[in-house]
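Okay, here's the structure, questions in a sec.
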Amino acid sequence: MNTKPFASGLSENAVMITRVADRQWHALDDDLVVGRGHAQHRPDGRLFVSIDAWHDAAFDRLAEAMLAELPAPLYTVVDEADVELTAGWRRAGFTIRRREWEYVVPTDPRVTGLEAVLPPSGVTIVPAGRAEESLLRAVDRAIRDEVEATVGWQSMPAEVIPRPEGDTIVDPSKYAVAATPDRYLGLIRVVTVIRPRIGLVAVRADERRRGIARALLAHALGTLHHSGFAEAWTEVHESNRAASALFEGIGARPMSSNLELVR
């Protein structure tokens, strides 16, 4: 256990920063826990930090202790509406790397306008759990390579679901796909933990503007609606105007924005 005293002004005693476990810290003021810090690797290998503190002084001292022991670069995610938390990370030397809008998406086809949407001629939608895994991995890899070669994969929603290193398919059963007899043209991933989250909807570059993304959304949202979910959620990078237009065109509403910060 690693303990460091700092002058605090919170009480007559010093704030003590204590590492209580691997990548976990507590801020103590007269034996009272006034802040907690934590660091964790995301599936893409990046190290994310978080701090929950009662006072700015406790936050700053936790940040100082953590940054002294953790390797750079470090990342964190904050609700943009949380001005105090954002300011704390800015004081610690973090800068804005990306902004994502969180949308709430209706599932009722009478609301989305997707009731009569069908895939283009020659294309079928294969429901989640029925995709052929080798073709699924092939279309996922092709789309990732196309995105990386243009706007870069960092423009896509952050991936936070654990997966084996090097494996870009989280769980094949979570993907529905748009298919022709010989290959898959696009995919949509929906994961439901507490609420349904559309983690990815994407189409091969040479198959875009044919309505495939809308057909995938119509299928996925319709399935959720029949399962009793009135709404789903998704995140869209602020620079991805095509994705914003796609979701806003079916009645999705931006509810909040998250900032990813980096130091």
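Considering only segment 241-263, how many residues are part of a loop (DSSP other than H, G, I, E, B) and in contact with a helix residue (DSSP H, G or I) (Cβ under 6 Å, 6 or more places away or on another chain)?
Residues in segment 241-263 being part of a loop (DSSP other than H, G, I, E, B) and in contact with a helix residue (DSSP H, G or I) (Cβ under 6 Å, 6 or more places away or on another chain): 2 in total.
Okay, moving on. Just to be sure before I move on: is residue 88 at pLDDT 95 or above, over 30 Å from residue 254 (Cβ atoms) and among the small types (Gly, Ala, Ser) in the structure I sent? Talk me through it step by step, then tell me what you get.
Working: at pLDDT 95 or above: yes; over 30 Å from residue 254 (Cβ atoms): no; among the small types (Gly, Ala, Ser): yes.
No.
For segment 79-100, which positions are out of contact with any Pro (no Cβ under 8 Å at 6 or more places or on another chain) and more than 21 Å from residue 17 (Cβ to Cβ)? Give the derivation first.
At the first step, the residues of segment 79-100 found to be out of contact with any Pro (no Cβ under 8 Å at 6 or more places or on another chain) are 79-99.
Across segment 79-100, the qualifying residues are 79, 80, 81, 82, 83, 86, 95, 96, 97, 98, 99.
Same structure, new question: If you check residue 78 against the conditions, is it modelled with pLDDT under 90, aliphatic (A, V, I, L, M) and part of a strand (DSSP E or B)? Step through it out loud before you land on a result.
Working: modelled with pLDDT under 90: no; aliphatic (A, V, I, L, M): yes; part of a strand (DSSP E or B): yes.
So residue 78 fails the test.
If you scan segment 81-125, which residues turn out to be open to solvent by 60 Å² or more (accessible area, probe 1.4 Å) and in a helix (DSSP H, G or I)?
The answer is 83, 84, 90, 91, 110, 111.
Checking residue 52 against (1) open to solvent by 60 Å² or more (accessible area, probe 1.4 Å); (2) in a strand (DSSP E or B); (3) modelled with pLDDT under 95, which single condition isn't satisfied?
The one condition residue 52 does not meet is (3).
Filter segment 46-84 for residues that are in contact (Cβ under 8 Å) with a residue 60 or more places away in the chain and aromatic (Phe, Trp, Tyr) and give the result.
The answer is 75, and nothing else.
Right, here's the next one. Quick check on residue 145: is it open to solvent by less than 30 Å² (accessible area, probe 1.4 Å) and either farther than 30 Å from residue 60 by Cβ or under 19 Å from the mean Cα position of the chain (by Cα) (or both)?
no
The values are calculated or read from the model by the stated rules, or taken from the named source; none is laboratory data. Note that this is a predicted model, so its numbers are computed, not measured. Backbone-built Cβ (ideal geometry, glycine too); neighbour counts: all protein chains shown. These accessible areas exclude ligands, DNA and RNA; they are computed on the full protein's heavy atoms, side chains included. Shrake-Rupley method; radii C 1.70, N 1.55, O 1.52, S 1.80 Å.
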